[in-house]
Structures are given as C-alpha cells and as structure tokens.
Amino acid sequence: MSTTDLSYVRTEMLPQQEPPLAEKGVFKWMRENLFSSWINGLLTIASLVVIYVVISTLAPWLLNSVWDANSLTECRDILAEQGLDSHGGACFAVLGDRWHQLVFGYYPSELYWRPALALVIFLAGLAPVLFTGLPRKMLILTALVPFVAFWLLWGGSIWLPVSVALGFVVGFLALKFLTPIVGTLAGTILIFVLPILYWLFVAGPLASGLASAVPIEIQFVESRAFGGFMLSAVIGLSAIVLSLPLGILLALARQSNLPIIKYSSVTFIEVIRGIPLIVWLFTAQLLLNYFLPPGTNFDLTLRVIIMVTFFSSAYIAEVIRGGLAALPKGQYEGADSLGLNYWQSMQLIVLPQALKISIPGIVNTFIGLFKDTTLVVFIGLFDPLGIASAVRATTDWNGVYWELFIFIGLMFFIACFSMGRYSLFLEKKLQREHR
Amino acid sequence: MTTLSDPPKPGFRPSQLIYDTRYRSMTIQTVAFILLMAAIFWLVSNTIENLNALGKDFNFGFLGQPAGYDINQRLIEYDSQASHGRAALVGILNTLLVAVLGCVAATIVGVIAGVLRLSKNWIVSRLMSVYVEGFRNVPLLLWIVLIFAVFNESTPQPRDFRGEDPAASMIFGDTVAITNRGTYVPEPLFSNGLGDVDVKPGWIFSDLYFAISIDLAAIVLTIIASILLIRLINQRAHRIQDATGVRPTTWWVNLLVFFVPVGLLLWYLGFHLGYPELQGFNFSGGTHIRNSLMALWLALTLYTGAFIAEIVRGGILAINKGQTEAAFALGLRPSKTMNLVILPQAMRVIIPPLISQYLNLTKNSSLAIAVGYMDVRATLGGITINQTGRELEGMLLLGLFYLILSLLISGGMNIYNNSVKLKER
C-alpha cells in the first residue's frame with residue numbers, strides 16, 4: 001500500500017459559522033410559530049388585523065378616560081375641553097362616584113366594615129380547607145365561620161346564630177355519646193332527628209330568652225339593603241357551602257341500591273336540572289308561599305339562597321356520581337371485605353377517592369353558580385347588574401353603559417378565573433398516578 | 001350423654017327489622033317512603049289551603065281565553081285576539097328557534113375555536129385562549145346585556161342610510177342592513193310558489209293550527225331524497241371497492257345528485273331573494289330580525305361556543321399520540337389521519353359533554369327576559385301569569401315544557417351516543 005501524500009486534507013477545524021438568518025433567533029421563532037405554512041401565515045395576518053382593530057378602537061377610548069367627575073355631563077364637558085366628542089373617552093368617574101353601591105348595594109355606609117370583616121373571616125376560615133399545609137385544628141374555627149359571618153352581615157342579637165349553632169353541637173353529642181349506647185342505626189337516626197327537634201322547638205325560645213336575659217346585639221340590617229357584589233358573594237358562597245354536603249348525599253342516594261331512595265333522588269335531580277334557574281327563581285318569588293303553611297312569609301334573599309342551593313346541589317350530585325362511577329368496583333368490594341359498614345366505607349374508602357376525581361367538575365359547578373347569581377336581578381334583588389341599571393336610572397349617570405359593564409365583567413372574571421386556576425392547582429397536587 | 005339443643009327457631013323477631021340486613025333495607029325504605037309521602041301531603045294540603053284562602057281554583061281554562069297582548073317576533077300567525085294557549089305556542093316556537101340557531105352556531109364557533117386553540121400558530125392559539133377564558137369567566141347575562149347595548153347604542157339608525165353620502169351603508173353587497181331597529185336580511189321568495197297548506201289537528205289542542213309552506217316542504221324533501229341517493233351510491237362504491245380493490249370515482253356524481261334536483265326545483269318555483277330596501281325612514285322588504293333575537297343568539301353562541309371549544313380541545317387531546325404516529329406509519333396523510341383515526345375516537349369523548357352544553361344553551365335561552373325577546377318564559381311564564389293571576393298553573397306548564405324538552409334532547413342524544421360508543425365485552 002503506497003503512502004500517498006494527503007496534505008490537502010485539512011488538519012485544523014474550521015471556525016463555526018453563524019446559523020443562517022432563518023434558523024436562529026426571532027426569525028426562526030416566527031417561521032416556526034407564525035408562518036410555518038401558508039394557511040398559518042393567513043391566520044397570523046388575520047389575527048393581527050383583529051388585534052389591531054380591537055386595540056385601535058379601544059385604546060383611545062381607554063387612554064382618554066376621565067376618572068374624576070360627578071356626573072356624565074361633567075365628564076363629557078371635560079372630554080370636550082380636550083377637544084374630544086362625547087364618545088372619545090371612557091368615563092370611569094362613575095366607578096369612583098358609585099363604587100360603594102356596586103360593591104355593597106344599599107348597605108348602611110357606616111357599617112361597611114361588617115361585610116368586609118365577614119369576607120376576611122370567611123377567607124381565613126377557608127384557608128385550612130384549601131391549603132392542607134395548615135394545622136388541622138383550625139378546621140374547628142372554620143366550622144364557626146358561617147355563624148359569625150351571618151351575625152356580622154345581618155346583625156341583630158348574637159344569640160340567634162349561637163342557638164342555631166348549638167343544634168350542631170346537639171347532633172355531635174348524639175354521635176359521641178348516644179350512638180355507642182343505642183346502636184348504629186338508631187344512632188344515625190338520632191343524629192338527624194335530635195338537632196331537627198332542637199331547632200324546631202328549643203332554638204327559638206332559647207334565643208329570645210337569652211336575648212332578653214343578656215342582650216348582646218349589633219344594628220340589624222335588612223336583606224333588602226344587600227346589593228352589588230356583596231349580594232352575589234353572599235348568595236354564591238352560602239349556596240356553595242350548603243350545596244356540597246347536600247350534593248354528596250344526593251349522589252350517594254342515587255347510587256344506593258334501595259329503590260325508593262334511589263328513584264326519589266333521581267327524580268329530584270332530573271327535575272331540578274331540567275328546568276332553567278330563572279324559572280326556579282320565579283318559583284321562589286311567586287309560588288313558595290303556596291307550598292308553606294298560610295301566613296308564612298320569609299325573606300326573599302333567604303328563599304333565593306335555598307333555591308340556588310337546591311339547584312347547584314343537583315348539579316354537584318351529578319358530578320360526584322360521575323366520580324363514584326369512575327371508581328373501580330374493587331374499591332367498594334375491598335371496603336366490604338374489611339367489614340366496614342356503609343358509612344365507614346363511604347367515609348374512609350370511597351368518598352375521598354371519588355371527590356378527588358370530581359374536583360374539576362365541582363369547581364366548574366361553583367364557577368357557574370357564582371356567575372348565575374346575576375339572575376337574581378329578575379326577581380327584584382340588586383345584584384351588580386341591577387345596581388348598574390339603578391345607577392343608569394339616576395339623572396347624573398344616565399347613559400353610562402360600557403364603563404359599568406367593563407367593571408362588573410372584570411370583577412367576575414377575576415373571581416371565576418382564580419377559582420378555575422385553583423382547581424387546576426388542586427388537580428395537579430392530588431394527581432397520584434404517574435403517566 | 002350429650003344433650004342436643006335445638007337450633008333457634010327461624011321465627012321472625014321485631015328486632016330483625018333493624019339488625020338483620022335482610023330486613024333492614026325494607027325498614028329504611030318504608031320509613032323513607034312514609035316521610036316522603038308525609039312531605040308531599042304537607043305541601044299539597046298547604047297549597048289547597050292557600051288557594052282556598054285566596055279564593056282561587058286550579059284549572060287550565062285560562063289557556064282558552066283571549067290573550068290581549070302582542071308578540072312582535074313570531075313564527076306563526078298570531079294576534080292579540082288569539083288565546084293564551086296560542087301565545088304560549090308562539091313562545092315555545094320562539095324558544096325552540098333561538099335554541100336551534102344557537103346550538104348550530106355555537107357548534108361551528110366552538111369547533112373552530114377549539115381546533116385553532118390547539119394550533120401551532122402562537123398568536124392564533126393565544127387569541128383563542130383569550131376568547132375562551134374571557135367568555136367562560138364572565139356571566140352570560142352580562143354578555144347578553146352588553147351585546148344588546150352594542151346593537152342598540154352603537155349601530156346606525158335607518159335614516160343614516162339615506163342620502164347621497166350616507167353615514168352608514170349596508171354590508172355584503174347591499175343585502176344586509178344592521179340598524180338600531182334590527183337587522184334586515186334578504187328573504188327567500190317564490191314567484192311560482194305552490195302556496196301553503198293549513199294544518200289543524202284540532203283534536204290535540206284547539207289553538208294548534210299553522211300553515212306549512214309547500215315550497216319549503218318540497219325543498220326539504222328533495223334534499224333528503226338526494227342525501228339518501230348519495231348514500232346508496234357510496235354503498236355501491238364500497239361494494240365495488242371490496243370486490244375489485246378499485247374504488248369508482250364518486251365525488252362528481254355526488255355533487256350532481258345533490259345540487260341538480262334542488263336547483264331544478266328552485267328554478268321551477270321561481271326562487272329569488274327579496275332584498276331589504278330603504279323606504280322613508282325605515283327598511284321594508286327582506287326579513288326583519290329584531291335586536292333582541294340577534295343579541296340573544298350572538299351571546300348564546302359566543303358563550304356556549306367557548307365551552308364547546310374546551311370540550312373539542314379536550315377530546316382531541318385525549319387521543320393517544322400513538323394513534324397519530326401509527327396512522328403516519330401506515331402512510332396516511334394528515335387530513336386522512338384526522339378524518340379516519342383521530343376524529344372518530346375524539347367524537348366519543350366529545351359527544352356526552354356536548355349534549356349537556358346543548359341542554360345548557362336551551363335552558364339559558366330563558367335569559368331572553370333580559371332583552372325582551374318573547375320566548376315561552378315571557379309569554380306563558382310572564383305576561384299570561386301577570387294578566388290571569390294563574391301563577392301556579394302557568395309555572396307548572398312552563399316547568400313541564402322545559403323538563404320535557406330537556407329529557408327529549410338528552411334522550412335523543414343518548415341514543416346517538418350509544419350508537420357511536422365503544423362496543424366492549
């Protein structure tokens with residue numbers, strides 16, 4: 001083999017060249033993400049046109065907005081001074097002038113601290129439920145929150161919420177002391193019957209007796225004064241809190257193998273879900289008095305809360321039923337073979353897993369429920385949209401549309417969007433299977 | 001010596017009702033049944049007592065009395081002399097109209113938005129995310145009121161269309177006029193029309209009478225016949241392909257079969273469009289769609305479309321990536337992969353939640369109250385109740401209507417769902 005001179009072969013590496021312009025940086029990103037094919041290019045251009053149209057319409061209106069005026073005419077005068085026509089700029093001054101109505105409705109202004117404090121207490125009580133890192137003992141405080149919030153919102157004598165809360169203590173005592181004596185079944189019945197008897201016959205006299213003996217009370221505020229986002233929050237949050245346990249019970253009843261219980265639950269759920277909420281609200285307004293003993297007349301807000309609770313509990317029952325059905329049958333059989341009774345197997349084995357599966361659906365139901373609280377405007381309650389109409393009906397702000405809608409929409413968006421994000425967070429955290 | 005004691009007699013003891021699982025379920029159910037009956041009895045007796053106290057009775061005779069109010073948007077003949085029952089019927093048809101229009105449009109919007117949100121195009125997918133999150137997280141009622149306000153406040157008046165240099169102009173080649181009094185679109189007209197046939201099945205309900213256009217019926221029948229014929233042609237093509245391996249070209253035959261009969265029929269009937277024209281201070285001719293219907297339809301479409309987009313996206317994402325890769329490995333092109341492999345599987349995931357969205361849209365159409373669209377809630381559950389004072393009967397009928405409609409939709413869709421779902425053991 002002859003050794004040929006290979007000196008023409010390069011012995012040192014060439015310096016690396018820059019990648020071509022189309023393969024690096026912004027150009028590469030744009031080529032891959034915006035113009036990868038001609039159809040994508042068209043879509044990109046169409047989107048840019050849409051964005052341009054929206055921004056060019058809205059930006060001047062938003063940038064020229066007036067934040068300090070006492071009426072729409074004053075606002076338009078300010079715009080005219082700047083050489084703009086009456087639609088040349090937004091008039092967000094209405095928010096500064098009427099924010100208290102949009103948030104609190106007609107609640108007495110010197111008492112605004114009470115709903116605000118109730119919200120803070122509610123959020124504090126919610127914390128141990130939402131974030132499992134906090135000590136479990138705090139859940140006892142959470143149980144007190146509904147009664148404190150009720151007292152702060154409506155006011156009146158402190159003994160009414162206290163005596164109602166005592167009913168749950170009665171139920172708890174029955175669970176703790178009576179059940180071991182009389183047996184599980186009779187105990188279960190007593191847990192429900194004793195508190196109901198207490199509420200029907202003892203709670204009222206007890207509250208009035210205590211109120212006359214030791215009068216501790218703050219100013220009473222009527223439900224008619226509730227309005228704005230406070231009303232939405234009161235209806236939405238109480239319905240959320242009340243409908244979850246009711247929904248779980250309905251779902252268990254629907255999965256039960258006792259036909260009468262099963263079909264009553266099916267009927268209830270299907271009837272509630274088949275009819276729009278607005279018809280139920282009108283039922284609460286027009287018909288509820290027909291179904292109750294003559295002379296009964298209770299608060300419209302309370303009626304609405306009850307109706308909305310029933311409504312959302314039917315939806316939650318369906319979501320949880322999906323979770324129950326998704327559990328492998330082996331889990332039920334495993335619980336039975338351990339000798340657990342029905343409630344034990346539900347509480348320890350089935351529900352923790354089924355509820356975990358149903359979390360996204362439950363949160364979606366809550367988001368829908370919170371949005372649906374706007375429907376109460378049709379039966380004469382002042383939700384944010386009702387307040388917006390009321391503001392527009394005054395001579396000062398006659399003709400203000402978009403500013404109020406934007407504000408209300410933004411508030412709802414923030415609330416609902418954060419609920420949705422929390423559900424995603426929870427879903428990720430509870431994910432046990434690694435896929 | 002052992003004494004044998006007899007086993008305990010299998011007699012029935014009352015304590016078994018509670019402690020024996022064989023009888024316990026019967027006990028619980030009996031108690032539940034008694035409680036349920038007691039509750040129902042309590043409610044009914046309260047109602048009777050309350051009705052007596054108010055001097056009212058419970059009958060549906062009011063449905064035959066003259067209604068005395070006008071309904072501006074209607075699909076069938078109606079005037080204020082017609083009965084409350086007829087008004088309810090007009091309302092029912094209006095509800096169905098907006099529900100059907102909404103379901104169709106929301107499906108189109110939702111599918112497009114859902115697919116685009118998955119697009120690799122950065123700006124398009126972001127834009128669709130903004131649309132979906134924006135509509136999902138803001139109450140529907142706000143969107144309805146907002147869109148209604150846009151139609152009423154920001155659209156030109158009919159007189160702006162007048163003159164040499166009008167402030168506003170019609171769109172789509174001078175055929176559609178959007179004004180603050182409503183939208184005017186071209187209407188289909190037949191110069192050799194066959195007329196109407198009156199349908200009056202009086203034995204069902206004396207107010208149930210309406211006119212069916214023979215032209216429309218003929219067109220619909222022709223289209224159905226064409227579609228059936230196309231299916232036959234495709235089945236034949238399948239058979240030939242199975243037997244010989246070569247599929248005959250069918251697309252142009254299909255197009256011919258679909259368009260030629262309808263075209264001929266339209267030509268025979270003298271089909272033409274009647275365009276809206278400005279006369280005086282308002283438009284005449286064409287079909288007048290009121291702003292209430294437009295706003296309700298648009299809001300329902302965009303709102304439900306956002307939910308459907310998420311369902312479609314979820315359905316496509318739920319299909320294993322291996323399916324796409326396997327289809328590519330078989331040599332299928334991307335469009336065929338989508339049509340033959342991904343979509344048929346994704347449909348199974350998409351259909352059930354889609355049904356519940358259709359149900360939601362139908363129920364949400366009752367928000368027509370916000371814009372004054374005369375749906376069944378506004379006629380039967382609104383003005384009729386106010387005029388006759390029959391809230392119990394009216395609400396009962398209204399609830400029954402929605403309940404039956406919901407059960408029908410979910411029932412029909414469940415049948416379809418069963419036909420496409422995976423057949424397991």
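The values are calculated or read from the model by the stated rules, or taken from the named source; none is laboratory data. These numbers were taken from a predicted model, which means no experiment stands behind them. As a convention, Cβ positions derive from the backbone with ideal geometry for all residues, glycine included, and neighbour counts pool all protein chains shown. Calculation scope for accessible area: heavy atoms of the full protein, side chains included, ligands and nucleic acids excluded. Shrake-Rupley method; radii C 1.70, N 1.55, O 1.52, S 1.80 Å.
Tell me the residue from B:Asn360, B:Asn364 that is on the phi < 0 side of the Ramachandran plot, open to solvent by 30 Å² or more (accessible area, probe 1.4 Å) and facing chain A (nearest Cβ under 8 Å), please.
Details: B:Asn360 fails: facing chain A (nearest Cβ under 8 Å).
Every option except B:Asn364 fails the conditions.
Kindly establish whether A:Lys371 is surrounded by fewer than 18 Cβ atoms within 10 Å (Cβ to Cβ), of a type in the set (D, E, K, R) and assigned by TED's automatic domain parsing to the domain that holds A:Phe310. Let's see the steps before the verdict.
Working: surrounded by fewer than 18 Cβ atoms within 10 Å (Cβ to Cβ): no; of a type in the set (D, E, K, R): yes; assigned by TED's automatic domain parsing to the domain that holds A:Phe310: yes.
The answer is no for A:Lys371.
Considering region A:395-435, the residues that are in a helix (DSSP H, G or I) and of a type in the set (Phe, Trp, Tyr) include one that is farthest from the other protein chains (Cβ to nearest Cβ), namely A:Phe425.
Taking the residues in region B:209-245 that are assigned to a helix (DSSP H, G or I) and among the small types (Gly, Ala, Ser) as candidates, determine which candidate is farthest from B:Ala82 (Cα to Cα). Explain how you work it out, then say what you get.
First, pick out the residues of region B:209-245 that are assigned to a helix (DSSP H, G or I): B:214-244.
Imposing the further condition that a residue be among the small types (Gly, Ala, Ser) reduces the set to B:217-218, B:225-226, B:237, B:243.
Numbers: B:Ala217: 26, B:Ala218: 30, B:Ala225: 38, B:Ser226: 40, B:Ala237: 55, B:Ala243: 63 Å.
Of everything passing the filter in region B:209-245, B:Ala243 is farthest from B:Ala82 (Cα to Cα).
May I ask you to verify whether A:Asn64 is without any contact (Cβ under 8 Å) to a residue 40 or more places away in the chain, more than 35 Å from the chain's Cα centre (by Cα) and open to solvent by less than 60 Å² (accessible area, probe 1.4 Å)?
Numbers: without any contact (Cβ under 8 Å) to a residue 40 or more places away in the chain: yes; more than 35 Å from the chain's Cα centre (by Cα): no; open to solvent by less than 60 Å² (accessible area, probe 1.4 Å): yes.
So A:Asn64 fails the test.
The residues of region B:40-68 that are open to solvent by 50 Å² or more (accessible area, probe 1.4 Å) and either assigned to a helix (DSSP H, G or I) or in contact with a Cys (Cβ under 7 Å, 6 or more places away or on another chain) (or both), listed by number, are B:Ile40, B:Phe41, B:Trp42, B:Leu43, B:Val44, B:Ile48, B:Glu49, B:Asn52, B:Ala53, B:Leu54, B:Gly64.
How many residues are hydroxyl-bearing (Ser, Thr, Tyr), assigned to a helix (DSSP H, G or I) and surrounded by 10 or more Cβ atoms within 10 Å (Cβ to Cβ) if we restrict to region A:17-56? Outline the logic, then answer.
Start the filter on region A:17-56 by keeping residues that are hydroxyl-bearing (Ser, Thr, Tyr), which leaves A:36-37, A:44, A:47, A:52, A:56.
Then keep just the ones that are assigned to a helix (DSSP H, G or I); that gives A:44, A:47, A:52, A:56.
Retained after the next criterion (residues that are surrounded by 10 or more Cβ atoms within 10 Å (Cβ to Cβ)): A:44, A:47, A:52.
Qualifying residue count, region A:17-56: 3.
The single condition among (1) closer than 30 Å to A:Thr373 by Cα; (2) surrounded by 12 or more Cβ atoms within 10 Å (Cβ to Cβ) that A:Phe220 does not meet is (2).
In this structure, does B:Ile350 turn out to be without any contact (Cβ under 8 Å) to a residue 40 or more places away in the chain and under 28 Å from B:Met413 (Cα atoms)? In short, yes. Residues in region B:409-420 that are at the interface with chain A (Cβ under 10 Å from one of its Cβ atoms) and either buried (at least 20 other Cβ atoms within 10 Å of the Cβ) or of a type in the set (A, V, I, L, M) (or both): B:Ile409 only. Within region B:89-136, being touching an Asp or Glu at 6+ places or on another chain (Cβ under 7 Å) and closer than 27 Å to A:Met411 by Cβ holds for one residue alone: B:Val132. Contact map, region B:306-333: residues that are closer than 28 Å to B:Val109 by Cα and part of a helix (DSSP H, G or I) paired with residues that are open to solvent by 60 Å² or more (accessible area, probe 1.4 Å) and modelled with pLDDT of 90 or more, Cβ distance under 6 Å, separation 6+ or inter-chain. Pairs shown: B:Val312/B:Val111.
Quick one: which of B:Ser119, B:Ser80, B:Ser129 is part of a loop (DSSP other than H, G, I, E, B), in contact with a helix residue (DSSP H, G or I) (Cβ under 8 Å, 6 or more places away or on another chain), among the polar types (S, T, N, Q) and open to solvent by 20 Å² or more (accessible area, probe 1.4 Å)? Reasoning before the result, please.
Working: B:Ser80 fails: in contact with a helix residue (DSSP H, G or I) (Cβ under 8 Å, 6 or more places away or on another chain); B:Ser129 fails: part of a loop (DSSP other than H, G, I, E, B).
From the options B:Ser119, B:Ser80, B:Ser129, the qualifying one is B:Ser119.
Any chance region A:110-133 includes a residue that's hydrophobic (A, V, I, L, M, F, W, C), surrounded by 13 or more Cβ atoms within 10 Å (Cβ to Cβ) and within 14 Å of chain B (Cβ to nearest Cβ)? No, there is no match, as no residue in region A:110-133 is hydrophobic (A, V, I, L, M, F, W, C), surrounded by 13 or more Cβ atoms within 10 Å (Cβ to Cβ) and within 14 Å of chain B (Cβ to nearest Cβ).
Go through the residues of region A:245-254 one by one and say whether even a single one is over 28 Å from B:Asn386 (Cα atoms), open to solvent by 30 Å² or more (accessible area, probe 1.4 Å), touching a Phe, Trp or Tyr at 6+ places or on another chain (Cβ under 9 Å) and of a type outside the set (D, E, K, R). Among the residues of region A:245-254, at least one is over 28 Å from B:Asn386 (Cα atoms), open to solvent by 30 Å² or more (accessible area, probe 1.4 Å), touching a Phe, Trp or Tyr at 6+ places or on another chain (Cβ under 9 Å) and of a type outside the set (D, E, K, R), which makes the answer yes.
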